[in-house]
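The values are calculated or read from the model by the stated rules, or taken from the named source; none is laboratory data. Computed from a predicted structure; not experimentally measured. When we count neighbours, we look across all protein chains shown, and the Cβ atoms used for this are built from the backbone with ideal geometry, even at glycine.
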Amino acid sequence: MYKSLINSINNLNESSYVIDLLVITIKSDIKIINFWKNKASIITVPNYIIKDRHNFKNLTKKFNELINQSKNYDTLIIIESDVYVKKNTLYNLIENLKKII
């Protein structure tokens, strides 16, 4: 999944867009931390137990942290770690956002 996202990011970097990447993950997720090291800013949050399907209280904390970190940007795009993106996904998303902003 991450490699497809990197391909989409690289495609976006070939355009005139300037992007910053921020990854928020739990402290114990070493796989994600190691993958994104030197590719993005990483914020770790305390580990939490996922009850049933999701632990919404802790998920909300992660999203609030992301929003707080992105207040100085024009656009915030959130991509969950289980979402597959194609090469042109980010570019097309930003192009279409420009049409409505």
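Laid out as a table, the results:
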read-out	value
Residue identified as in a loop (DSSP other than H, G, I, E, B), surrounded by 13 or more Cβ atoms within 10 Å (Cβ to Cβ) and either in contact with a Gly (Cβ under 6 Å, 6 or more places away or on another chain) or not hydrophobic (A, V, I, L, M, F, W, C) (or both) among LYS87, LYS62	LYS87
Top-ranked residue of the range 18-30 - restricted to ones that are outside any strand (DSSP E or B) and in contact with a helix residue (DSSP H, G or I) (Cβ under 9 Å, 6 or more places away or on another chain), ranked as nearest to SER81 (Cα to Cα)	LEU21
Filter pass, TYR73 being in a loop (DSSP other than H, G, I, E, B), in contact with a helix residue (DSSP H, G or I) (Cβ under 7 Å, 6 or more places away or on another chain) and hydroxyl-bearing (Ser, Thr, Tyr)	no
Among the residues listed as ILE77, ILE94, the single one being surrounded by 12 or more Cβ atoms within 10 Å (Cβ to Cβ) and at pLDDT below 85	ILE77
Test result for ASP82, part of a loop (DSSP other than H, G, I, E, B) and touching a residue at least 40 places away in the same chain (Cβ under 8 Å)	yes
Residues of the range 1-45 classified as closer than 19 Å to ASN68 by Cβ and small (Gly, Ala, Ser), total	2
